[in-house]
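Have a look at the structure below, then the notes.
The values are calculated or read from the model by the stated rules, or taken from the named source; none is laboratory data. Just so it is clear, the structure is predicted and the values come from calculations on it, not from any experiment. Quick reminder, even Gly has a Cβ in these numbers, built from the backbone with ideal geometry, and neighbours come from all protein chains shown.
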Amino acid sequence: MGKIALVIGHNAWSQGAVRVTDGRGEYDWMTDLASQIFTQEPALFRVFRRPAGIGYSTEIRRAYAEVDAWGADASIELHFNSAAAGSATGTETLTSGTTGSLRLAKLIQPAMVNALGLRDRGLVTRRRGDRGGESLWQGRAPAVLIEPYFGSNPADCVAADRHFAALASALHIACATYLKGN
């Protein structure tokens with residue numbers, strides 16, 4: 001059996017984007033999603049948190065050092081999107097473009113789109129220095145960063161809440177499928 005690390009984006013002090021519908025931050029909402037994914041198959045997953053108060057790059061390095069020490073076969077960093085325009089909508093997955101990252105991203109992206117029913121914004125490849133790239137390149141295991149919906153869009157928030165269990169299940173199944181191919 002393989003191992004998938006669920007890395008919660010941001011931290012308790014710096015929550016990330018905030019949902020317009022209820023004021024919840026990425027860290028808070030994604031902590032609940034990670035817990036829901038974990039309960040689907042606890043032997044498959046472990047939840048990791050980025051430590052607070054030590055600086056952005058240092059917190060990423062530390063979190064992914066823990067992921068590496070655990071021996072993860074892949075990692076998923078959990079986020080949601082935000083945009084100045086509340087009309088931005090959809091689901092996307094960030095990938096490093098490596099073979100393993102692309103393979104995982106190609107399983108996760110359609111699973112999230114099917115679960116939430118939001119616009120498919122596709123896969124986005126990031127280099128190490130790009131926004132979100134540091135998390136994709138830090139650890140040894142293939143990594144993706146998910147953005148299932150826009151917290152700045154009320155309709156996206158409603159869809160994410162309504163289909164929360166389906167999203168968690170879809171991510172679990174995509175990860176299990178990924179591990180079967182390793």
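Is it the case, given these coordinates, that ARG46 is of a type in the set (Lys, Arg), assigned to a strand (DSSP E or B) and out of contact with any Gly (no Cβ under 7 Å at 6 or more places or on another chain)?
Spelling it out, ARG46 is indeed of a type in the set (Lys, Arg), assigned to a strand (DSSP E or B) and out of contact with any Gly (no Cβ under 7 Å at 6 or more places or on another chain).
Which of the residues spanning segment 33-68 are charged (D, E, K, R) and touching a residue at least 40 places away in the same chain (Cβ under 8 Å)?
GLU41, ARG46, ARG49, ARG50, GLU59, ARG61, ASP68, listed by residue number.
Find all pairs meeting these conditions: Cβ atoms under 9 angstrom apart; at least six residues apart or on different chains; first residue within segment 94-114 and under 15 Å from SER169 (Cα atoms) and touching a residue at least 12 places away in the same chain (Cβ under 8 Å); second residue surrounded by fewer than 18 Cβ atoms within 10 Å (Cβ to Cβ) and aliphatic (A, V, I, L, M).
LEU107/ILE173; GLN109/LEU123; ALA111/ILE173; ASN114/ALA166
Can you find even one residue in segment 4-24 that is part of a helix (DSSP H, G or I) and surrounded by fewer than 16 Cβ atoms within 10 Å (Cβ to Cβ)?
no
Within segment 83-102, track down each residue that is farther than 12 Å from LEU145 by Cα, in contact with a strand residue (DSSP E or B) (Cβ under 9 Å, 6 or more places away or on another chain) and part of a helix (DSSP H, G or I).
If the condition is that a residue be farther than 12 Å from LEU145 by Cα, in contact with a strand residue (DSSP E or B) (Cβ under 9 Å, 6 or more places away or on another chain) and part of a helix (DSSP H, G or I), then GLY100 is the only one that fits.
Return yes or no: is ARG50 within 14 Å of the chain's Cα centre (by Cα), modelled with pLDDT under 95 and over 18 Å from HIS172 (Cβ atoms)?
It is true that ARG50 is within 14 Å of the chain's Cα centre (by Cα), modelled with pLDDT under 95 and over 18 Å from HIS172 (Cβ atoms).
When residues of segment 60-72 are filtered for being surrounded by 19 or more Cβ atoms within 10 Å (Cβ to Cβ) and part of a helix (DSSP H, G or I), how many remain?
Residues meeting the conditions: 4.
Quick check, is ASN153 farther than 17 Å from GLU26 by Cβ, over 15 Å from the mean Cα position of the chain (by Cα) and of a type outside the set (Gly, Ala, Ser)?
In short, no.
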